[in-house]
1. Please find, in a Gaussian network model of chain A (springs between Cα atoms separated by less than 10 Å), the residue of A:Thr161, A:Thr54, A:Thr128 whose mean-square fluctuation is greatest.
2. Return the FRET efficiency for the residue pair A:Val166, A:Gln21: r is the Cβ-Cβ distance, R0 is 45 Å, and the value is rounded to the nearest 0.05.
3. How about the stretch A:91-153: which trypsin sites (Lys or Arg not before Pro) there lie in a loop by DSSP and see at most 11 other Cβ atoms within 10 Å?
4. Along the charge dipole of chain A, which of A:Leu38, A:Thr180, A:Tyr212 sits closest to the positive end, that is, farthest toward it, with unit charges on the beta carbon of Lys, Arg, Asp and Glu (+1, +1, -1, -1)?
5. Using a Förster radius of 60 Å, what is the FRET efficiency between B:Trp11 and A:Phe40 based on their Cβ-Cβ separation? Nearest 0.05, please.
6. Rounded to the nearest 10 degrees, what's the angle between the helix B:176-192 long axis and the longest principal axis of chain B, both from Cα atoms, 0 to 90?
7. Near B:Lys221, which lysines are there with a Cα under 16 Å away, not counting those fewer than 8 places off in the same chain?
8. To the nearest whole number, what is the average tally of beta carbon atoms from other chains within 10 Å of the beta carbons of peptide A:254-267?
Amino acid sequence: MDIKPIPVPAQGTTLDWQLDQPYRAKHLLLLLLVLAVLLFTGHRTEMDKMVVMTGQAVGNLVGLADDSQVVRGLSRVGASMWPPAFGTEEEVARLTDLDRDQLPFLAKIETREKVEQHLNPDTLEMETSSEKVELLIKPLGYAWTVFIKMLETIEIAIWGTLFSVVLSIPLAWFAARNYTVNHFTYTLARGTISLLRSMPELIVALFLVLAYGFGPIAGVLALGLHAAGFLGKFYAEDIENADKKPQEALEAIGAGKLKTLWYGVMPQVVPQYIAYTLYILDRNVRMATVIGLVGAGGIGQELKGRFDMFQYDHVATILIAIFIVVFLLDQFSARLRAKLI
Amino acid sequence: MIEFQQISKKWPDGTLALSDVNVSIPKGQFCVILGPSGAGKSTLLRTVNGLTQTTGGRINIDGTELTAATARTLRQRVAMIHQHFNLTLRMSVAANVLAGLLPVVSTGRAILGWFEPAHRAKACALLARVGLDPKHLLRRAGELSGGQQQRVGVARAFMLDPEVVLADEPVASLDPKISREILSLIRDAARERNATVLCSLHQVDLAREFGDRIVGMRDGKIVFDGTPAEFTDERMEALYQGAQWEDNAVAEAADLYNDALQPQLVAA
Ligand SMILES: Nc1ncnc2c1ncn2[C@@H]1O[C@H](COP(=O)(O)OP(=O)(O)OP(=O)(O)O)[C@@H](O)[C@H]1O
Ligand SMILES: [Mg+2]
């Protein structure tokens, strides 16, 4: 085939134009301004010190610097974290209702010499005495405790998620511009959503612990309230952005708002809703471990207790448990999402 | 029977989409509306079920005047078939057809998806009527071809046995063969129920073939009203090219001729 090349330049071409270029005086000025701000805030957030300390740590590790605060701190904690504590030891003498013939699963009794030093009031000298004590040893006693606490954490996350879904459905209805009742309900719903979203779980939990006491109630409510704001916003936006065509078809025959929502909108948005809800569940499990730190139940409460008592070997066990659960949850929700969408 | 009396529609931005439209479509008639883009065809159709509010004039449907009070019940008697089919694509074919019954089904039943056996039987019958294989019944509507989707749209439209069927470019995105099939379906199903059809089209040949009557619109006004035979090639040229026809003396005669299907020119 005979293809004629397009003549270059074509007739009437002018080249007195250019695309917008991102390196004019204005941009340079902006860049300098941003740099100045970063320098200022970098000093306030001790970024300079961070660089020095991290440099020292790296230097210490490769043998260039003889001391590093960071490495010292980490190795002290690291050393006391290893090995993680899985078992428990209790003095048999203190266990009043122990049946020696029927010990708990895997438990055994050991006799150990307990050496104690104390001051003799007559001679004013330190004396060493030793006595034999019997200990009940459960090799997986602490692992079991952590398991139970972890379960509680997951339960808190599930209930928090449930609570947020139930709360966010009416919120989403009223916060969707095209389904809300009137301007007042719209503003009210949007306001509530903003309020809920603006309150961090940890701080809400702090106050709820004051109101409901230590334990899971505060945890469930704190997670639920925050997530309800998140879900309400996203559910509402999906309703607003759903394809209008099927809705118009149902509106045209006078189907009514609720039925139109159910048949014209829900099938479109449900897969996305499931994705949001799974994300919230995932997030709630992670947050549930954190809000336990302020006493809102679950593994976090246990973690805080052990941390405050410097029992880093127990802390290690808890961290391992958290890691395993978050990992498994990630796998689970990825699989569920792939199946549903 | 649909009577438009001095219907006008001015959009908030000032566009006059309809100005003083007077036309009445007798019961059972298949009336095709032709006209260039922006003539006001969609706007006119949508005033019938109140999707577009008029800014002047009156609409009577089989003797009932369309007002805010009667809109809800009137809508159940006026079906609509859409250019883009307007199905819920992630929902099954069966659910889409049954959705045509939503105005008369209780909210509880609708949400639970419990449709009476009689309703489900009717959905099946209509799907068979529009020539959709029963094996598609529980497939997602989005998996169907355009032609099949419009069949579902037609079935949905006839679920409530409408007295009026509005079809806004129902075959605009379909091939010529399927277009004929769909238009035949609409015409025949409407005839069986003695329903009035108001159908806008862009294909003049289809308009001549299917219309009992052709109404030509331009700039919100009716500029032609007559039988397909009277819609000659010159008329067609004029409608789309925008040639100005003589005087507006005929305007006064409009109402007189309307029912007799006389060809006429209303002031262009
Ligand atoms: N929602 C709206 N807001 C403002 N103007 C509108 C709106 N809808 C339609 N119009 C205007 O009203 C006029 C008539 O539009 P309409 O959609 O009825 O034309 P049409 O004959 O159906 O055209 P087409 O053949 O392209 O579908 C046009 O000028 C259009 O711009
Ligand atoms: Mg149109």
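1. A:Thr128
2. For R0 = 45 Å, the calculated efficiency reads 0.25.
3. Values: sites: A:Arg94, A:Arg100, A:Lys108, A:Arg112, A:Lys114, A:Lys132, A:Lys149; in loops: A:Arg100.
Those satisfying the criteria are A:Arg100.
4. A:Thr180
5. On the way: r = 54 Å, r/R0 = 0.89.
Approximately 0.65, to the nearest 0.05.
6. It works out to around 90 degrees.
7. Leaving aside lysines fewer than 8 places away in the same chain, those within reach of B:Lys221 are B:Lys9, B:Lys10, B:Lys41.
8. Numbers: counts 14, 11, 5, 1, 4, 9, 3, 1, 6, 10, 6, 1, 4, 10.
Whole-number average of other-chain Cβ neighbours for A:254-267 is 6.
The values are calculated or read from the model by the stated rules, or taken from the named source; none is laboratory data. Because the structure is a prediction, the values reported are computed rather than measured. A quick note on method: Cβ atoms are made from the backbone with ideal geometry, for glycine too, and the neighbour counts reach across all protein chains shown. These accessible areas exclude ligands, DNA and RNA; they are computed on the full protein's heavy atoms, side chains included. Shrake-Rupley method; radii C 1.70, N 1.55, O 1.52, S 1.80 Å.
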